[in-house]
Every structure is written in C-alpha cells, then in structure tokens.
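Asks: A single structure is presented below for examination.
The values are calculated or read from the model by the stated rules, or taken from the named source; none is laboratory data. Predicted model only: the values in this text are computed from it and were never measured. Here the Cβ positions follow ideal geometry from the backbone for every residue, glycine too, while neighbour counts run over all protein chains shown. Ligands, DNA and RNA are excluded from the accessible area calculation, which covers all protein heavy atoms including side chains. Shrake-Rupley method; radii C 1.70, N 1.55, O 1.52, S 1.80 Å.
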Amino acid sequence: MERRASPMPVLLYIAALMAASCCSSSEAAAPKSSFEDNFDIMWSEDHFTTSEDKQIWYLSLDKDTGCGFQTKQKYRFGWFSMKIKLVGGDSAGVVTAYYMCTENGAGPERDELDFEFLGNRSGQPYLIQTNVYKNGTGNREMRHQLWFDPTEEYHTYSILWNNHQIVFFVDKVPIRVFKNNGEANNFFPNEKPMYLFSSIWNADEWATRGGIEKTDWKKSPFVSSYKDFSVDACQWEDPFPACVSTTTKNWWDQYDAWHLSDAQKKDFAWIQRNMVIYDYCKDSERFPTLPVECPLSPWE
C-alpha cells in the first residue's frame, strides 16, 4: 500500500505546544541521565553500544542474535517516552519493539502494552503495530502508517497509562486510544506494575507482508537507536506505593488525562481517517462477536 501524503501543520503545532507545556510531578519518578542508571541489558550485551557521551544507545541485529534492554524499575500508571530512530534501508523481517510488560518473557499471565515497528523493503513505509494484553490475552492489534520516514530522524513514541485510558502517541499525536469501562474486566491492564523494554529481533515469519518478505542478512547488522528516555510515573514499591491510589496529585492521573483534549481529538480524527491500516475491532471475520471493549468510545 502506498503511503498517503498529507501536510500536518496543525499536528506539528499541537505537538510543539504539548512538548512545551507537559506537566511534571514531584512525587513521580524522574529519569536519570545515563543508560546504566535506567536500564539493564536483557541479552547479547555485545550487540549494544552507546555514543561517546553515552546519550545515544544502539541495538543491533545480525543473523546470530538481536539485543534488548529493560528498565531497572517497574511502574504502575504514568507517562513513558523515548526518542527512537528505526533501521534504515531494507529492513524487511526486522521488528523493533518498544513496550511495557509485567515480566521479562512471554508469560501466560502477563500484561503488556506494545509498540512494534515492522520493517519493510527499501522505499516502502514502515508500519506500527500496537497491542494490549491483559492476563496473557492480546489479539487487540492495530496497525498504522506514519506521516514521516522514521529512519531519517529521531521521533518520540510515548504511552500515557492511567486507570481510565491508555493512549499511544507518536510525536505527542495520539494514534490509539484504549479505554477502560470503570468496572472489573478482562481487557484493561490496570492492576500489575510493568517494566519498559525495547528490543530488535528477527520476525520474518510474519512481520513483512505476512512473512512473504524475508530478512536479507547481507544487509545486516540492522541498527536501531535511542535517546532521551523520559518517565513521569508512579515507581512501584512493594506492597503498594501511595502514588497509584486515586489521589489525582500527578498530572497523568488528573481529569484532563482521563480523555483526549479537543485539540487531541482533532489530531486523532485525522489519524483515524488517514493512517489506520488495520483495527481488530472492525475485523468481523476474525471476531464474529466483537470483543467487549470495542464499543467503548475513544472520544469520551
């Protein structure tokens, strides 16, 4: 599918305003300056490097292995953000994942919030797949195109998570809104704290055109790069940290963060019209009876 080109002055203006005005909280966890302060390498430390000043981090994938990292701390609710530049050129079969999860591994009871960047042949657009898991059950995929080339510059990918909604942002523009219904349910992850992860790995059995396009290992190593990790969130402390109770002392747990603003709704409407490739809630062939969360309105 060809990428649709459309100017986005309104989106960029709103993103700039939000970046300038984003709130902070004295109770929320603040990021430290170095990679080592915030993260641990999960595997293949020899596939991880940093810039000389240690402010840019690189993960590489070759035919032998990929690489990944995770936060030292886990969190329940907040704002999580990272600037990422994706693998350039022919990246078919390569997945760069940026996600939150309750554990290191695909456990059967895990909660998870996913950004997955699906590589493609040179000249074809990247796709972003998002997914939400609760108690090990996902199958809530959405796929979007982007309105820019994510391999040329760093772009900001963020997650807002509170007890009312989960919002996936690209450059402060909301691309997906996943709402809670205010009741005990089996679809909205709000009980377990999560770590934040990123990794690069080979998924050519499914990632590009359903597995038709395979990874060209002659083009390896494939490298994704990261900088400016930011977290404004409730850092978990056993048995139960005070900041996750509904005190509304943190901006991400106040009324304005429970729903999209009017400006965000305009941006979100543009995304819905122009950038959505797949929405599981509209896949009646796959789900003859749509999942119970699908009727919840992202606009409220």
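Asks: What nm value, rounded to one decimal, do you get for the distance between W206 and N181 when each label is placed 7 Å out toward the C-beta?
Replies: Distance between label points: 2.6 nm.
Asks: What accessible area per residue, rounded to a whole number of Å², is obtained for the chain using a probe radius of 1.4 Å?
Replies: Working: 13900 Å² over 300 residues.
For the chain, the per-residue accessible area is 46 Å².
Asks: For the range 36-180, what is the relative contact order in percent, using Cα pairs closer than 8 Å and at least 6 residues apart in sequence?
Replies: 18 percent
Asks: Moving on to the next point. Would you mind telling me the share, in percent, of accessible area of the chain contributed by carbon and sulfur at probe 1.4 angstrom? Walk me through the intermediate numbers first.
Replies: On the way: 6730 of 13900 Å².
Summing carbon and sulfur atoms, their accessible area is 48 percent of the total for the chain.
Asks: Give the cross-link partners of K266 among the lysines, using a straight C-alpha distance below 22 Å as the criterion and excluding same-chain residues fewer than 8 apart.
Replies: K172, K179, K282
Asks: T151 label point, 7 Å along Cα→Cβ, cut-off 17 Å on backbone N: hits in the range 186-230?
Replies: Only 200-204, 207-209, 213-226 pass the distance filter.
Asks: Can I ask one more? Under 10 °C and 1.306 mPa s, how fast does the chain diffuse according to Stokes-Einstein, given a Kirkwood radius computed over C-alpha pairs? Answer in µm²/s, whole number.
Replies: D, rounded to a whole number, is 80 µm²/s.
Asks: Using the basic label-point model (7 angstrom from Cα toward the beta carbon), what is the E141 to K218 distance in nanometres?
Replies: Result for the modelled spin labels: 2.9 nm.
Asks: Calculate, in nm to one decimal, what D256 and D46 gain on full extension: separation in residues at 0.36 nm each, minus their alpha carbon distance.
Replies: Fully extending the segment from D256 to D46 adds 71.2 nm.
Asks: Please tell me the relative contact order of the chain in percent, rounded to the nearest whole number, where contacts are Cα pairs under 8 Å and at least six residues apart. Can you show the working numbers first?
Replies: Details: 650 pairs, mean separation 80.4, N = 300.
Reported relative contact order: 27 percent.
Asks: Here is a follow-up. Roughly how big is the range 36-282's charge dipole about its Cα centre, with Cβ charges of +1 (Lys, Arg) and -1 (Asp, Glu), in debye to the nearest 20?
Replies: That gives the range 36-282 a dipole magnitude of about 800 debye.
Asks: With Cβ to Cβ distances under 11 Å as the rule, what net charge do the other residues near H47 carry (K, R +1; D, E -1)?
Replies: -4
Asks: Heavy atoms of the protein only, probe of 1.4 Å, neighbouring chains included. What is the accessible area of W251 in Å², nearest 10?
Replies: Number for this one is 40 Å².
Asks: What is the spin-label model distance, in nm, from A106 to T289 if the labels are put 7 Å beyond Cα along the C-beta direction?
Replies: Placing both labels 7 Å beyond Cα along the Cβ direction yields 2.7 nm.
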